[in-house]
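The values are calculated or read from the model by the stated rules, or taken from the named source; none is laboratory data. From a predicted model like this one, the values you see are computed outputs, not experimental measurements. Every residue, glycine as well, gets a Cβ built from its backbone with ideal geometry; the counts of neighbours run over all protein chains shown. Side chains included, ligands, DNA and RNA excluded: accessible areas come from the protein's heavy atoms. Shrake-Rupley method; radii C 1.70, N 1.55, O 1.52, S 1.80 Å.
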Amino acid sequence: MTTEAPPPGVLSELPSDLPVVERRAAIPAGFVAAGGIAGIKASGRPDLAIVATAVGADGRRPAAAAAAVYTPNAFAAAPVRLSQAHLAATAPEGSGRFGWATGIISTSGCANAATGAAGDADQSAVAAFLAGSLGIATEQTLLLSTGIIGTRLPVAIVEAGVAAITPTLASDDAGLAAAAEALRTTDSVVKVATTSITLPDPDGLAVRAIRVTGIAKGVGMIHPRMATMLSIVLTDATVDPATLHGLLRPAAARTWDQLSVDGDTSTNDTVFVLASGAAGAAPIVAGTREAADLGRAIEAVARELARQQAADGEGASTLITCQVSGAADDADARAVARAVISSSLVKAAVHGRDPNWGRIAGAAGNATLADAAVLEAAGLSSAAARSRGGTAATLDPDRLRIAIAGVAVFDGAAGGPLAFDRSAARAAMDAPELLIRLDLGLGDGSGEAFGCDLTEEYVIENSEYTT
């Protein structure tokens with residue numbers, strides 16, 4: 001997004017106060033990473049990634065503050081449940097949402113979901129392999145798996161893979177890039193993002209550079225809540241686990257919870273954020289300017305990863321960004337944006353380069369707010385979130401304005417449909433990214449969501465996913 005407000009009356013891109021993000025795997029201080037081929041995937045592509053804290057001067061790996069957001073799916077996979085248990089063991093007050101961790105392992109090619117007690121045992125064995133290889137306690141491991149639901153992990157293959165890949169752990173960018181590559185399933189490209197901020201040192205004098213970097217996968221079975229994806233975000237800031245979770249959850253609510261490819265959610269969705277403290281900056285305290293700065297950096301990385309995931313949606317040719325202004329509040333704005341990018345009719349129209357504003361208006365008019373948990377995470381009070389969760393967003397057709405690819409197509413206050421050059425609008429839509437802008441004319445609320453067009457390739461790919 002731009003950093004300057006648009007001229008009055010013009011529906012252009014919304015302004016942003018997030019830091020600038022680069023698409024590269026710049027590993028923060030205090031971490032090592034690696035990825036490689038274990039043999040889980042029949043294709044022979046990379047399928048095992050490990051991220052861990054670096055060995056300290058005492059020869060041990062220090063634990064990093066950790067926070068997580070998971071899928072709410074009732075079929076939550078074995079790695080999700082085991083990771084929750086491990087975080088709860090290291091910080092009981094976090095109830096599995098935050099704690100301490102030293103190593104993360106991702107296996108790609110098998111989701112280990114809906115596999116019963118045997119799948120739980122398999123996942124515990126993987127945790128033990130990683131712990132033994134890194135020389136850490138088992139409860140300091142976190143786990144990610146992605147792939148086909150209902151299949152068992154090839155435990156012996158994973159064990160051999162851990163033994164082979166752990167010695168290659170590196171503190172350079174190439175190690176993190178290799179881990180990002182090994183996260184992939186149907187992703188056509190890796191997803192990486194990094195940004196940096198400055199924070200004071202413990203004496204409040206010198207300025208320390210703080211890095212925040214994320215890697216992610218996920219291009220199908222993508223839909224709010226906690227869109228189907230895996231992500232690891234790393235920072236060398238010093239922050240306690242509870243504060244770190246307090247920064248992650250609202251960032252996820254405004255980014256990954258606003259991402260949709262196909263309207264389906266999955267069983268393995270997980271975001272982990274680890275903070276090593278290796279940059280030597282002063283500890284971050286909740287509610288301070290420094291905490292806000294780190295929160296914006298995490299959100300900037302999450303937003304960029306979400307955009308990359310939408311752009312690489314299965315079969316997609318166009319990234320759809322819907323930005324909404326003039327809503328009664330931000331919750332309403334996010335609801336409307338999410339409804340537009342989730343509409344199959346809108347997605348099909350975008351694929352055909354059809355400036356059919358009626359489909360956009362119809363989707364907006366059907367918008368409902370996120371559930372209470374997401375609303376509260378994004379900033380509403382518990383009472384307000386409970387009363388508004390799942391309710392209809394406020395929208396007045398007589399005040400609504402719509403623009404497609406910069407072309408004004410509807411203005412309720414001016415009588416509704418606007419005359420416009422359809423050929424020019426179609427030409428403007430023929431781009432890698434399409435911006436759909438709505439202004440509701442009701443208040444100061446704003447929000448955005450990310451999706452992609454619906455193509456024949458999506459149907460073909462998902463009709464043969466397991467065969």
Restricting to segment 167-193, count the residues that are surrounded by fewer than 19 Cβ atoms within 10 Å (Cβ to Cβ), of a type in the set (G, A, S) and either in contact with a Cys (Cβ under 9 Å, 6 or more places away or on another chain) or under 21 Å from G451 (Cβ atoms) (or both).
1
Of A392, A363, which residue is among the aliphatic types (A, V, I, L, M) and under 30 Å from H245 (Cα atoms)?
A392
Scanning segment 412-467 for residues that are over 26 Å from the mean Cα position of the chain (by Cα), among the charged types (D, E, K, R) and part of a helix (DSSP H, G or I) gives R422, R426
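A quick yes/no check of all residues on (1) over 23 Å from the mean Cα position of the chain (by Cα); (2) without any contact (Cβ under 8 Å) to a residue 40 or more places away in the chain; (3) closer than 24 Å to G56 by Cβ:
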position	(1), (2), (3)
T71	no, no, no
V80	no, no, no
H86	no, no, yes
W100	no, no, yes
G103	no, no, yes
S108	no, no, no
A111	no, no, no
A118	yes, yes, no
G135	yes, no, yes
If I filter segment 206-228 down to residues being at pLDDT below 80 and among the aliphatic types (A, V, I, L, M), which single residue comes out as farthest from A68 (Cα to Cα)?
M221
Across (1) buried (at least 24 other Cβ atoms within 10 Å of the Cβ); (2) more than 27 Å from L82 (Cβ to Cβ); (3) hydrophobic (A, V, I, L, M, F, W, C), A275 clears everything bar (2)
R386 passes all but one of (1) open to solvent by 40 Å² or more (accessible area, probe 1.4 Å); (2) part of a helix (DSSP H, G or I); (3) touching a Lys or Arg at 6+ places or on another chain (Cβ under 8 Å); which number fails?
(3)
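Can you work out which of the residues in segment 318-356 that are of a type in the set (S, T, Y) and touching an Asp or Glu at 6+ places or on another chain (Cβ under 7 Å) is nearest to R307 (Cα to Cα)? Even if it seems obvious, please write down each step before you answer.
Going through segment 318-356, the residues of a type in the set (S, T, Y) turn out to be 318, 321, 325, 342-344.
From the residues that got through so far, the ones that are touching an Asp or Glu at 6+ places or on another chain (Cβ under 7 Å) too are 318, 321, 325.
Working: T318: 11, T321: 8, S325: 19 Å.
Applying the filter and picking the extreme gives T321.
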Contacts under 8 angstrom Cβ, first residue in segment 243-262 being under 11 Å from V69 (Cβ atoms) and open to solvent by less than 10 Å² (accessible area, probe 1.4 Å), partner part of a strand (DSSP E or B) and polar (S, T, N, Q), 6 or more apart:
W256/S231
Do you know which residues across segment 367-389 are small (G, A, S), within 19 Å of G246 (Cβ to Cβ) and touching an Asp or Glu at 6+ places or on another chain (Cβ under 9 Å)?
A370, A377, A378, G379, S382, A384, A385
Suppose we filter segment 194-219 for residues that are surrounded by fewer than 19 Cβ atoms within 10 Å (Cβ to Cβ), touching a residue at least 60 places away in the same chain (Cβ under 8 Å) and of a type in the set (V, I, T); how many remain?
0
Residues in segment 96-147 that are surrounded by fewer than 23 Cβ atoms within 10 Å (Cβ to Cβ) and hydroxyl-bearing (S, T, Y) total 4
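Based on this model, can you work out whether V459 counts as in contact (Cβ under 8 Å) with a residue 24 or more places away in the chain, among the hydrophobic types (A, V, I, L, M, F, W, C) and open to solvent by 60 Å² or more (accessible area, probe 1.4 Å)? Full working, then the answer.
Numbers: in contact (Cβ under 8 Å) with a residue 24 or more places away in the chain: yes; among the hydrophobic types (A, V, I, L, M, F, W, C): yes; open to solvent by 60 Å² or more (accessible area, probe 1.4 Å): yes.
Taking the combined requirement at face value, the residue satisfies it.
Listed here are the residues, each with its yes/no results for (1) over 20 Å from Q323 (Cα atoms); (2) of a type in the set (A, V, I, L, M, F, W, C); (3) at pLDDT 95 or above; (4) open to solvent by 50 Å² or more (accessible area, probe 1.4 Å).
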{"site": "R399", "(1), (2), (3), (4)": "no, no, yes, yes"}
{"site": "A405", "(1), (2), (3), (4)": "no, yes, yes, no"}
{"site": "A408", "(1), (2), (3), (4)": "no, yes, yes, yes"}
{"site": "A425", "(1), (2), (3), (4)": "no, yes, yes, no"}
{"site": "G441", "(1), (2), (3), (4)": "no, no, yes, no"}
Output the qualifying pairs, or none if there are none: Cβ atoms under 7 angstrom, residues six or more apart or on different chains, first residue in segment 395-422 and more than 21 Å from G352 (Cβ to Cβ), second residue among the β-branched types (V, I, T) and surrounded by 20 or more Cβ atoms within 10 Å (Cβ to Cβ).
L395/V336
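Scanning segment 303-344 for residues that are assigned to a helix (DSSP H, G or I) and either among the basic types (K, R) or over 22 Å from the mean Cα position of the chain (by Cα) (or both), which turns out surrounded by the fewest Cβ atoms within 10 Å (Cβ to Cβ)? Quick ask: steps written out before the conclusion?
Step one: filter segment 303-344 for residues assigned to a helix (DSSP H, G or I), giving 303-311, 330-342, 344.
Filter again for either among the basic types (K, R) or over 22 Å from the mean Cα position of the chain (by Cα) (or both), leaving 303, 307, 334, 338.
Details: R303: 23, R307: 20, R334: 30, R338: 29.
That would be R307.
Does segment 345-362 contain at least one residue that is assigned to a loop (DSSP other than H, G, I, E, B), open to solvent by 10 Å² or more (accessible area, probe 1.4 Å) and within 21 Å of E13 (Cβ to Cβ)?
The first filter runs over segment 345-362 and keeps only residues assigned to a loop (DSSP other than H, G, I, E, B), leaving 352-356.
Okay, now just the ones that are also open to solvent by 10 Å² or more (accessible area, probe 1.4 Å), so 352-354, 356.
Restricting the remaining residues to those that are within 21 Å of E13 (Cβ to Cβ) gives 353.
Looking for residues that are assigned to a loop (DSSP other than H, G, I, E, B), open to solvent by 10 Å² or more (accessible area, probe 1.4 Å) and within 21 Å of E13 (Cβ to Cβ), one finds at least one in segment 345-362, hence yes.
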